[in-house]
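Encoded as structure tokens, the structure appears first; notes follow it.
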Amino acid sequence: MPINATTRFCAVLGQPIKHSASPAMHNAAFAALGLNWCYGAFEVHPDHLRAAIEGAKALRYAGLNLTVPHKMLAVGMMDVLDPAAEVWGAVNTVRFEGRDGSGNWLPLHQFGEAQPESVRSCGFNTDAEAIIRAASEDLAMDWRGARVLLLGAGGAGRVAALKLSEQPIAELFLVNRTGSKAAGLADEIRRRNPGLKVELGYPSGDVDLLMNATSLGLNEADGLPLDEGRFPVRQARAVFDMIYRPALTPLLQAAQAAGCRKANGLGMLLYQGAAAFELWTGQIAPVAVMRAALEANIYGL
Ligand code: ATR
């Protein structure tokens, strides 16, 4: 599709940005649906984030993605926030919306070639839900009555723990290098969801899902993010690692050797993008096309 005067634009803003696979994923999706849309990537310093968002709004961009280090900063820069962005205190997707003659706010593509007079930014968070969708679809997880072991209680670990606690699971075990952070997180979950059994430390017996939300595995020299003396990987039926670069972390290698079902974090990148695509275009995201584009971009497959 040639870029012309009716092309609609989206982009990801981050710093650094050059390794972003989002342009490949979204442009493949636009092409698959025959949309005259284009997705770019811009390196933006945090000091210029507000100007960049306002600039995209003035240019009538359809939307933006925000990545490190902008997600929390952008919360205070949105005209309105979707409840998920408010709950997580982070925005990874912005949709620009115009006001129609009846006062309703609609995605800009719905105005066709007309220009709405007033446009606002709406901040969403599609990251949290993507964790659950990735584990559900890539590992065929049945959450009912599941026992789950989560490693990590940093930013990603907290979101994962709180989303996991909303599923119909039976037990959640939390392990983190800094035990006090896991204990604080367990208290937060108990307050929000008193019915769920949340425990600190490794479980005895098997779990249905082991999820890694630590950063261990990102670097080549990293070891396993869990103590195999206390919890051998073979005691997990399925293993999900939030890391997707490298494709096979030491944890996933161990899972493969033990014959567990396994998935890396590519699905999280895919499903957060699929949700953003649907918010902007109003069309169902072609996830198979988007996954293939991510794999080609990241792994050269
Ligand atoms: P993110 O936003 O990616 O979650 P983070 O908030 O810095 O990043 O969290 C990193 C997670 O990886 C934490 O759970 C951290 O453990 P601590 O809370 O004890 O810091 C974990 N982590 C990082 N390096 C680790 C290491 N060498 N061994 C064990 N856990 C590690």
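Nothing in this text is a laboratory measurement; each read-out follows from the coordinates by a stated rule. As the structure is a prediction and not an experimental result, all values here were calculated from the model. Don't worry about glycine lacking a Cβ; one is built from the backbone with ideal geometry, like all the others, and counts go over all protein chains shown.
For the reader, a short list of remarks on this structure follows.
- Value at 222 nm in deg cm²/dmol, rounded to 500, when DSSP H runs of n ≥ 4 in the chain each add -39,500 (n - 2.57): -10500 deg cm²/dmol
- Rounded to the nearest 10 degrees, the inclination of helix 22-32 to the longest alpha-carbon principal axis of the chain is 60 degrees.
- Near the amide H of Y244, within less than 5 Å, lie the amide hydrogens of G265, all on another chain or at least 5 residues away, with H placed in the peptide plane.
- Whole-angstrom gap from the stretch 228-299 to the stretch 143-219, using each part's C-alpha centre: 18 Å
- Total lysine pairs whose alpha carbons fall under 19 Å of each other in the chain (8 or more apart, or interchain): 6
- Each Lys or Arg adds one and each Asp or Glu subtracts one; over the other residues with Cβ under 10 Å from the Cβ of W143, this totals -2.
- Relative contact order (%) - criterion: Cα under 8 Å, at least six apart; region: the chain: 17 percent
- The 3J(HN,Hα) values that the Karplus relation (6.51, -1.76, 1.60; θ = phi - 60°) gives for the stretch 176-188 are, in residue order, 8, 3, 8, x, 5, 5, 5, 5, x, 5, 4, 5, 4 Hz. Gly and Pro appear as x.
- Dipole magnitude of the stretch 129-264, debye to nearest 20 (Cβ charges: Lys/Arg +1, Asp/Glu -1, about Cα centre): 240 debye
- Coordinate range of the alpha-carbon atoms in the chain per principal axis, descending: 63, 43, 36 Å.
- When H70, H45 are arranged by Cβ crowding within 10 Å, least crowded first, meaning fewest neighbours, the order is H45, H70.
- From the largest down, the stretch 251-301 spans 42, 21, 13 angstrom on the principal axes of its Cα atoms.
- Candidates M290, M211, M72: whichever shows maximal mean-square fluctuation once the chain is modelled as a Gaussian network with Cα springs under 10 Å: M72
- Here, the stretch 129-264 has an Rg and a Dmax of 13.5, 40 Å when only alpha carbons are counted.
- For T93, T214, order by how many other beta-carbon atoms lie within 10 Å, fewest first: T214, T93
- Of the three principal axes defined by the Cα atoms of the stretch 14-93, the extents in descending order read 35, 26, 25 Å.
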